[in-house]
Each structure stands twice: as structure tokens, then as C-alpha cells.
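Report on the structure given below.
Just so it is clear, none of the values below were taken in a lab; they were calculated from the coordinates. This one's a predicted model, so the numbers in the text were calculated from it and none came from an experiment. With ideal geometry, Cβ positions are generated from the backbone for all residues, glycine too; neighbour counts draw on all protein chains shown.
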Amino acid sequence: MTVEEKKNRLTDIMAAFIGYTAVHLPDDIVSKLEDLRDAEDDPAARSIYDMMFENMRLASQLGRPSCQDTGLVQFKIECGSRFPLIHQLKDILHDAVIKATAETPLRPNAVEPFDEINTGNNTGTGAPALFWDIVPDDESCSIYTYLAGGGCSLPGHAMVLMPGDGYEGVARFVMDRITSYCLNACPPLLVGVGIAGSIETAALLSKHALLRPAGSHNPNKKAAEMEKLLEDSINAVGIGPQGLGGSSSVLGVNIEYSARHTATIGVAVSFGCWTHRRGHITFDSDLGFITDTHAGFTYGL
Ligand code: SF4
């Protein structure tokens, strides 16, 4: 294949993958929703879960997005320094978003600030958002896709706490957000918490936390313990699916962190909704691929 042919193939696969993730929820989220439905005693809450599964069935049958808000497309890229299309990848992902918007179709959500014009194709200044990690001496490329809906982006929040606020302050920050804004995000929620030295690193880590599977745990035992404490506390509020009450309100709580300054605790929280449209696909240097989020995605196989 020429570089141009490879570029076209990767654009086509990524457009198809983005579209597929808009229609089909990730396997771990479907499985977690089944667990929550089966464990729910409240009849009204169970009926909400039943509606969610009917929604998923119809989306799949009709090939339509699982929610009308197909979000803004974001990518986290872990790209090997020797991946053949590393220099073209930014343009490829840009074109893939335009193609997915037209073909899936996705709702055009990208609005240029100040001009206040919807670009009509989900791209624009800094959109799609790309967060890069370059992996030295590697030929593969791992791409996380995320369709960030308006309702689930709305409660996102970040601030820098005084060091004396401690981990109680982090918990208070998260619970304040849960009890004030989280109904906008269509529970049950995946809650991503970032802890760092400054506001922007905490915010980015909270979003990356949403890319971890539901049910995964931070490898640090104390962080994992805090994930469990927050999950139990949020469930105890009784928000339930779609905020109508129930025994569970979260798909999980994922914490990611980086070393902080001795005088600060930067903390941020991001939310994923019940239609948590996250995907993960990894390419080898010949553009063969595997995905660990969507076993049903078989483009060209
Ligand atoms: S929060 Fe999620 S499920 Fe609710 S409207 Fe937004 S994208 Fe759709």
C-alpha cells in the first residue's frame, strides 16, 4: 500500500469505529448495566434499566446512535514513534470525524466560540481534541475514542484545594458535584476523579479516568479504597437511574493521579453517562487492529 492508500484505509476504519461506538455501547458498560439492573429491587428503577436495554436493542437493530447527543469527539492517542502514519494521524482523525458525522450520522455539535457558528461536521478550532503520548521505539498506535455529550460534560469541575483539606476535601468536592449537578448527566454515572498538583493536570486525569473500564481499580491500594468509599457514598444518596431513585447510581468511580505540589491538592471530576460512548482500538504497523471495548466491531474482517 502507498502512504496515500494507508491514510485512506485508516481514515475509513476510524470513521467506522467512531460510528460503531455511537451506536453500540462498550462491552464493559453493557455488562455493568446488566449487573445494576439485576441487583435493583426498586420496580421503577428496574423499568428504567429495561428502557435502556430496549434503547440499546433498537439502536443496534436500526443502526442509529444510542443517544441523540452524539457529543464532541475526543481522542487519547498512545502512538509509537515508529508508527508509519504518525505524521498524518492528526489529519486522518480530523477527516475520520467528518466522515463519521456524515455516514453514521452524528449530530453536528461543534460551535465556534465568538462566531457562534455550528461548523456542521463536528470539527473546528481544536476539535476534535487530541491528547498525545508518544511511545518511544514502538510501531503500534493505540487510540481511545470518546464521544463527550453535553449533559455528561456539564457537571465537570476542577479546583485547587488547600493541602489541609486532605482527602476529606477531595471527597467533599466530589460529593458536592454529585448532589448539585449530576442529574444533568443521565445516571448511572461513570465518575472520573483526577488528583494532581494543578488544575489542568487534575482535569485531564479526571477525563483519562473515564477511559478505564467500569469495574477496574487503581493499582494503588489506598486510591482503590477511596474509589470504593466514593462509590458507596454516591450510591447511598439514592439518585438511581435517570435520577428517579434506586439503590445504585454509578457504573464506577475511577481515580487517576500524578504527584502533587506539597502546598496544593488539585482535584477534578468528569462524568460519563449511562451511554458512555468510549472506544479503544490498537493498530499494528500494517493497520491490522484489535479492540478490547467492542468485540462486535469487525470492519473489513
Ligand atoms: S448525558 Fe448522555 S444519555 Fe444523557 S443526553 Fe447527554 S449524551 Fe445522552
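Looking at the stretch 112-152 only, could you name the residues that are free of Cβ contacts under 8 Å to residues at least 24 places away in the same chain and under 24 Å from residue 15 (Cβ atoms)? Show your work before the answer.
Just the residues of the stretch 112-152 that are free of Cβ contacts under 8 Å to residues at least 24 places away in the same chain, to begin with: 112-120, 124-126.
Selection gives 112, 117, 118, 119, 120, 124, 125, 126.
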Kindly check whether there is at least one residue in the stretch 68-75 that is within 16 Å of the ligand (Cβ to nearest atom) and of a type in the set (D, E, K, R).
-> yes
How about the stretch 231-298: which strands (runs of 3 or more DSSP E) wholly inside it have at least 2 residues that are under 14 Å from residue 182 (Cβ atoms)?
-> 250-257, 265-272
For the stretch 129-141, does any single residue satisfy the condition of being assigned to a helix (DSSP H, G or I), in contact with a helix residue (DSSP H, G or I) (Cβ under 8 Å, 6 or more places away or on another chain) and more than 16 Å from the ligand (Cβ to nearest atom)?
-> no
Return yes when residue 41 is outside any helix (DSSP H, G or I), closer than 23 Å to residue 189 by Cβ and among the charged types (D, E, K, R) and no when it is not.
-> yes
Output the residues belonging to the stretch 26-64 that are touching a helix residue (DSSP H, G or I) at 6+ places or on another chain (Cβ under 8 Å), among the small types (Gly, Ala, Ser) and within 22 Å of residue 212 (Cβ to Cβ).
-> none
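Quick one: how many residues across the stretch 149-201 are part of a strand (DSSP E or B), surrounded by fewer than 24 Cβ atoms within 10 Å (Cβ to Cβ) and under 18 Å from the mean Cα position of the chain (by Cα)?
Going residue by residue through the stretch 149-201, those that are part of a strand (DSSP E or B) are 157-161, 189-196.
Within this subset, residues satisfying the condition of being surrounded by fewer than 24 Cβ atoms within 10 Å (Cβ to Cβ) are 157-161.
After this cut, where a residue has to be under 18 Å from the mean Cα position of the chain (by Cα) as well, the list is 157-158.
Residues meeting the conditions: 2.
Does residue 67 fit the bill of being part of a strand (DSSP E or B) and more than 14 Å from residue 17 (Cβ to Cβ)? It would help to see each step written out before you state the result.
Numbers: part of a strand (DSSP E or B): no; more than 14 Å from residue 17 (Cβ to Cβ): yes.
Judged against the criteria, residue 67 is not a match.
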If you check every pair at least six apart or on different chains, which have Cβ atoms under 7 Å apart with a residue in the stretch 211-225 that is under 15 Å from residue 251 (Cα atoms) first and a residue that is aromatic (Phe, Trp, Tyr) second?
-> 211/144; 211/146
